[in-house]
Amino acid sequence: NQIHLCRLATHSLMSMYNEVREQQKKLKGKSFREKAEYFWYYYKLHVLVVIVVIVTVGILVKDMASSRPEAFSAVLLNAMGSESQEAFQADFAAYAEIDTNTYSCTIDTAATFSMNSMSQFDFITSQKIIGLAQAGNMDVIVSDTQTFFNYAEGKMFLDLSQVLTAEEYSKYQEYFYYIDYKDENGTVIQKDVPVGIYVTDSAKLKEWNCYTDAQAQPVFGFVYSSQREGLCHLFLEYLMEE
């Protein structure tokens, strides 16, 4: 996608360059002041577009040059902890012994999603999450109960009875979040499936100023397509550590 955007940006620049050359032929013989006034009158929007394109290409090139393989990726929806994200990521990376010089460790604490407004930003967040999950590039989601239920209904999360060890199951069972799976007609086909774990009392979430609202009840879920199950378990352990 980044390469495609770079190509589009380059094509836009070339198109504008060619158009400017055509207009220069019409201004042949005019004074410098006349040329400058004509250029600014007709091309000030083009200039702004060129600036935006150059900045965009620069950002894309920088991202492509600095991109590292993903070791772990979690999204904490509606955590409202964007200011502590970098420190949060660094702390878990150290805990999990992830070499951040070679791999990236992403814990997105800035993402927001509202089931009530469904604004353009909410739509973008939803599409981002779906895209990351389908590509296998997201391991864990933590969110408020309403949003968690929305994704759980779409079978975003693994059944904890299939993913937790016997020791983990016994340890976290009292914090389980259950859902009933239904068919297209609304008939229950599987009742009380444990798909999430309440992490309301997580000391780490408190430390990193996530879900500070007293009414917040964040729930942890294993994303169905994660290929890094070991780190998912480690992140749960990290959050629930006393």
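Would you be able to say whether some residue in region 224-232 is open to solvent by 60 Å² or more (accessible area, probe 1.4 Å), aromatic (F, W, Y), within 24 Å of G131 (Cα to Cα) and at pLDDT 95 or above? Quick ask: steps written out before the conclusion?
Start the filter on region 224-232 by keeping residues that are open to solvent by 60 Å² or more (accessible area, probe 1.4 Å), which leaves 224, 227, 229.
Still in the list and also aromatic (F, W, Y): 224.
Filter again for within 24 Å of G131 (Cα to Cα), leaving 224.
Cutting the leftovers down to at pLDDT 95 or above gives us 224.
Taking every residue of region 224-232 in turn, at least one turns out to be open to solvent by 60 Å² or more (accessible area, probe 1.4 Å), aromatic (F, W, Y), within 24 Å of G131 (Cα to Cα) and at pLDDT 95 or above.
Considering region 139-155 alone, what residues qualify as being modelled with pLDDT under 95 and either in contact with a helix residue (DSSP H, G or I) (Cβ under 8 Å, 6 or more places away or on another chain) or at positive phi (or both)?
Y151, K155
If you take the residues in region 207-218 that are over 15 Å from I107 (Cβ atoms) and out of contact with any Ser or Thr (no Cβ under 6 Å at 6 or more places or on another chain), which one is least open to solvent (accessible area, probe 1.4 Å)? Give the steps one after another, and end with the answer.
Of all residues in region 207-218, those over 15 Å from I107 (Cβ atoms) come to 212-217.
Still in the running and out of contact with any Ser or Thr (no Cβ under 6 Å at 6 or more places or on another chain): 212-216.
Values: T212: 102, D213: 94, A214: 94, Q215: 152, A216: 24 Å².
Checking each candidate, the answer is A216.
Show me the helices (runs of 4 or more DSSP H) entirely contained within region 67-170 in which 3 or more residues are open to solvent by 50 Å² or more (accessible area, probe 1.4 Å).
Values: elements: 85-95, 120-134, 145-153, 160-163.
Those helices (runs of 4 or more DSSP H) span 85-95, 120-134, 145-153.
On the given criteria, is T109 touching a residue at least 24 places away in the same chain (Cβ under 8 Å), hydroxyl-bearing (S, T, Y) and either touching a helix residue (DSSP H, G or I) at 6+ places or on another chain (Cβ under 6 Å) or under 19 Å from C232 (Cβ atoms) (or both)?
The answer is yes for T109.
Kindly provide the set of residues from region 178-200 that are touching a helix residue (DSSP H, G or I) at 6+ places or on another chain (Cβ under 7 Å) and aromatic (F, W, Y), ordered by number.
First, the residues of region 178-200 that are touching a helix residue (DSSP H, G or I) at 6+ places or on another chain (Cβ under 7 Å): 179, 194-199.
Listed by number, the list holds a single entry, Y198.
The values are calculated or read from the model by the stated rules, or taken from the named source; none is laboratory data. These numbers come from a predicted model, not from an experiment. We place every Cβ from the backbone using ideal geometry, glycine too, and count neighbours over all the protein chains shown. For the accessible areas, the whole protein counts, side chains as well, though only heavy atoms, and no ligand, DNA or RNA atoms are used. Shrake-Rupley method; radii C 1.70, N 1.55, O 1.52, S 1.80 Å.
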